[in-house]
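Encoded as structure tokens, the structure appears first; notes follow it.
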């Protein structure tokens, strides 16, 4: 119970930090209030960016983890990072906060040059639709599966299965 409370408090702090970072820049950004724009972004992994100093998870997708490789050796995590980096390169990134104060992490719909990053990652087969958050990206994932693109062209564990396996294997 204590761990859940700590995570919830950490998420509340991160959500407030996200809103504060944007309001300091003269932009009011709250859930549903519209997008906030930034040039200062960095890719952390295939579904996470640093946006104005705040770690933001891309809403609605789950990409392979940084060190994740598929059974055939294809470096899925590295491929997802590279693809997200390419999508954002030289483009203005804009994020609209989706998570609430009681969400376990800060999540947002982010675009680069007007392109929805979550949709682009799912369309390329570089992420799975995270249906526990939304069903919005299931069509893109289905199309990538049909095209056998990205993770769908390799024997890859889904990111949540890979994380669970890593937890079981750690001492």
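Does residue 139 satisfy the criteria of being surrounded by 21 or more Cβ atoms within 10 Å (Cβ to Cβ), in contact with a strand residue (DSSP E or B) (Cβ under 9 Å, 6 or more places away or on another chain), at pLDDT 95 or above and assigned to a helix (DSSP H, G or I)? So residue 139 fails the test.
If you go through the range 52-87 and keep only what is assigned to a strand (DSSP E or B) and either crowded, with 24+ Cβ neighbours inside 10 Å or modelled with pLDDT of 95 or more (or both), you end up with 55, 56, 57, 58, 61, 62. For the range 103-115, check the following and say yes or no: at least one residue is under 15 Å from residue 79 (Cα atoms), touching a residue at least 24 places away in the same chain (Cβ under 8 Å) and out of contact with any helix residue (DSSP H, G or I) (no Cβ under 6 Å at 6 or more places or on another chain). No. Summed over the range 142-168, residues that are surrounded by fewer than 22 Cβ atoms within 10 Å (Cβ to Cβ) and outside any loop (DSSP other than H, G, I, E, B) total 16.
Given the structure, is residue 129 buried (at least 20 other Cβ atoms within 10 Å of the Cβ), touching a strand residue (DSSP E or B) at 6+ places or on another chain (Cβ under 9 Å) and modelled with pLDDT of 95 or more? Against the criterion (buried (at least 20 other Cβ atoms within 10 Å of the Cβ), touching a strand residue (DSSP E or B) at 6+ places or on another chain (Cβ under 9 Å) and modelled with pLDDT of 95 or more), residue 129 qualifies.
The values are calculated or read from the model by the stated rules, or taken from the named source; none is laboratory data. Remember, it's a predicted structure, so these values are computed and weren't measured experimentally. Quick reminder, even Gly has a Cβ in these numbers, built from the backbone with ideal geometry, and neighbours come from all protein chains shown.
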